[in-house]
């Protein structure tokens, strides 16, 4: 797949076939992911790979609980637009995907969000090139139950930055219309 086709085919997918993603394929994707640039070449990103659907559901439930608690304390936060879904017992923030990959790193590193963002992009492109699909699930980063974080291997002092679901897509949605580059000034 050439680069332009890769860019066109990389879409956010929320509907996956009921087919497991083999661990060796995930490992190959993560090897590509480690080629992403990071500030000062620190390479701070670590990965938690979860293919246990019951555990993915528990993580979804904890994220929903945390976000509902946040909405109770601060009703005007951006998660407000998801309130109805967060209150729906059946809603899984990870869309019942067969695989969830958390990209994590040290919470005291100022460049962590950018480092993980670049790493996530490489993960998405690598998966797309192999016929898989992904979606960054922002609502899935709100796991706060320390026992659950310990169970999945997120140590104290590390935080979840990029929850990425991965699987074989039912279909690739067409891209939303994009605007041309908004160049503020070219000197």
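The range 145-187 to the range 29-88: how many Å between their Cα centroids? Each part's Cα centre sits 8 Å from the other's.
Could you list 19, 57 in order of exposure, starting from the residue whose Cβ has the fewest other Cβ atoms within 10 Å?
Numbers: 19 9, 57 14.
Fewest to most other Cβ atoms nearby, the residues stand as 19, 57.
Can you bin the range 29-135 into rounded, prolate or oblate? Criterion: square roots of the alpha carbon gyration tensor eigenvalues sorted a ≥ b ≥ c, rounded for a/c under 1.5, prolate for a/b above b/c, oblate for the rest. Verdict is oblate for the range 29-135. If you plug the beta carbon distance of residue 96 and residue 156 into 1/(1 + (r/R0)^6) with R0 = 35 Å, you get a FRET efficiency near 0.70. Looking at the square roots a ≥ b ≥ c of the eigenvalues of the Cα gyration tensor of the range 1-61, which shape do they give, rounded for a/c under 1.5, prolate if a/b is larger than b/c, or oblate? In terms of gyration-tensor shape, oblate. Taking the chain as a Gaussian network, Cα atoms linked when under 10 Å apart, which of 169, 78, 22 shows the biggest mean-square fluctuation? Of 169, 78, 22, the most mobile in the Gaussian network model is 78.
Neighbour counts of C-beta atoms inside 10 Å place 101, 152 in the sequence 152, 101, starting with the fewest. Remark: the Cα gyration tensor places the range 91-157 in the oblate category, a/c being 1.5 or greater and a/b not exceeding b/c. Normalising the average separation of contacting C-alpha pairs (under 8 angstrom, six or more residues apart) by the number of residues puts the relative contact order of the chain at 37 percent.
Values quoted throughout were computed directly from the atomic coordinates according to the rules given, and no laboratory measurement underlies them. Predicted model, so just to flag it, every value in this text is computed and none were measured. Reconstructed Cβ throughout: ideal geometry from the backbone, glycine too, with neighbour counts over all protein chains shown.
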